[in-house]
Amino acid sequence: MVNSTPPHSDRKVWISLLAKASSSHLSELWATYNKNPEHSVLRAPEVGSVMVRGRTGATGAAFNLGEMTVTRCSVQLASGETGHGYIQGRDKKKALQAAMIDALLQTAAAPQVQRMIVAPLRARHEEKRARRSAKAAATKVDFFTMVRGEDT
């Protein structure tokens with residue numbers, strides 16, 4: 001059977017989790033990991049903006065919604081792995097930490113980084129998602145048709 005999983009799908013997941021994590025939570029997890037491997041900064045954390053595009057009803061023609069501030073950073077470990085961090089906002093420290101974690105997840109340390117950083121990020125993300133879903137479900141309105149006496 002052919003493996004239909006894209007080769008970088010795991011990386012997309014962890015980069016997304018790093019980008020969505022709160023700065024304080026990511027800093028706590030990074031401090032708990034307590035390792036700062038030798039690295040060089042390829043692209044120092046820099047703030048810029050990107051154009052956000054949207055679609056009406058998810059099917060209409062794309063339109064420019066507006067700009068969003070992002071911070072990006074790239075690092076290379078002494079062993080050669082390159083990591084990138086892209087985050088919403090102006091938090092340069094978070095972008096650097098995200099880039100370091102991305103690089104480490106491509107090394108032999110990946111299982112430990114997954115266990116100590118990515119798994120807690122995933123758990124918190126799923127918890128927030130479940131809370132949002134429960135809140136939305138509480139406001140759900142079920143529409144039904146009532147049969148009136150004269151319609152029978």
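Restricting to the range 44-94, what's the tally of residues that are under 18 Å from LEU105 (Cα atoms) and touching a Pro at 6+ places or on another chain (Cβ under 6 Å)? Number of matching residues: 2.
Residues that are under 14 Å from ILE87 (Cα atoms) and surrounded by 14 or more Cβ atoms within 10 Å (Cβ to Cβ) do not occur anywhere in the range 46-62. Sub-9 Å Cβ pairs linking a first residue in the range 85-113 that is at positive phi and among the small types (Gly, Ala, Ser) to a second residue that is open to solvent by 20 Å² or more (accessible area, probe 1.4 Å) and not in a loop (DSSP other than H, G, I, E, B), at least 6 apart or interchain, are GLY89/SER23; GLY89/VAL47; GLY89/MET68; GLY89/THR69; GLY89/VAL70, ordered by first then second residue. Close Cβ contacts (under 8 Å, 6 or more residues apart or on different chains) running from residues in the range 55-73 that are on the phi > 0 side of the Ramachandran plot to residues that are surrounded by 10 or more Cβ atoms within 10 Å (Cβ to Cβ) and part of a strand (DSSP E or B) comprise GLY66/VAL52. ALA78 passes every criterion in (1) surrounded by 11 or more Cβ atoms within 10 Å (Cβ to Cβ); (2) touching a strand residue (DSSP E or B) at 6+ places or on another chain (Cβ under 9 Å); (3) in contact (Cβ under 8 Å) with a residue 40 or more places away in the chain apart from (1).
Scanning the range 13-33 for residues that are closer than 14 Å to GLY83 by Cβ, open to solvent by 30 Å² or more (accessible area, probe 1.4 Å) and not aliphatic (A, V, I, L, M) gives a single hit, TRP30.
The values are calculated or read from the model by the stated rules, or taken from the named source; none is laboratory data. Here the structure is a predicted model, which is why all the values come from computation and not from measurement. Here Cβ is always computed from backbone atoms with ideal geometry, including for glycine, and neighbour counts include all displayed protein chains. With ligands, DNA and RNA removed, areas are computed over all heavy atoms of the protein, side chains included. Shrake-Rupley method; radii C 1.70, N 1.55, O 1.52, S 1.80 Å.
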